[in-house]
Amino acid sequence: GPIDGVPMVSALPKSGASGDAPAPQASVPLRVLLAEDGEDNQRLLVHHLSRAGMTVTVAVNGREALDLALASARTGRPFDVVLMDMQMPELDGYEATARLRTEGWKAPIIALTAHAMSGDRQRCLEAGCDDYLAKPIDRDRLIELVRRVAAPRA
Ligand code: MN
């Protein structure tokens, strides 16, 4: 067929051309789904994760987290990590995590919980979480854990 006017080569993004571009990153940013209903925690966690170079999408309850995660999986680009507050309205983190796993969700899920009780960790793991952070969230532990669980497994 006629190819007049059909662009055969699309413009490539310039690399390193902008003087005020951020330092190049070694890899694509991690895409994090943050499920958290508390506004203060949302702000704080988005701040920490963004400053660490990650891309953050916020869900304000378990139902929204479930919907966003499954939608990302359907597009073939699931979130790299889910941070799941365990105490949320609509659907709590335990139920949202269990349903995600039932639906075949493979990416890591990190539980966030206000309770640093000994039985809590086990309950989170049984629901399908990979690991656990107790509130108040320590920034360094948060970033280290997200990067560790998101690393490709050998
Ligand atoms: Mn909560």
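The values are calculated or read from the model by the stated rules, or taken from the named source; none is laboratory data. Owing to the predicted nature of the structure, the values given are computational and were not obtained by experimental measurement. When we count neighbours, we look across all protein chains shown, and the Cβ atoms used for this are built from the backbone with ideal geometry, even at glycine. Accessible surface is based on the protein model in full, side chains and every heavy atom, while ligands, DNA and RNA are left aside. Shrake-Rupley method; radii C 1.70, N 1.55, O 1.52, S 1.80 Å.
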Residues in region 56-84 that are closer than 14 Å to Ala107 by Cβ and of a type outside the set (Lys, Arg) total 18
Output the residues belonging to region 100-115 that are among the aliphatic types (A, V, I, L, M) and away from the ligand (no atom under 11 Å from the Cβ). Leu100, Ala107, Ile109, Ile110, Ala111
So which of Arg77, Arg51, Arg121 ends up being basic (Lys, Arg) and in contact with a Phe, Trp or Tyr (Cβ under 6 Å, 6 or more places away or on another chain)? Arg121
Arg63: over 17 Å from the mean Cα position of the chain (by Cα) and either within 12 Å of the ligand (Cβ to nearest atom) or farther than 19 Å from Ala150 by Cα (or both), yes or no? no
Criterion violated by Pro7 - all others in (1) surrounded by 10 or more Cβ atoms within 10 Å (Cβ to Cβ); (2) modelled with pLDDT under 95 satisfied: (1)
How many residues does region 69-99 contain that are closer than 24 Å to His48 by Cα, away from the ligand (no atom under 13 Å from the Cβ) and either open to solvent by 60 Å² or more (accessible area, probe 1.4 Å) or outside any helix (DSSP H, G or I) (or both)? 6
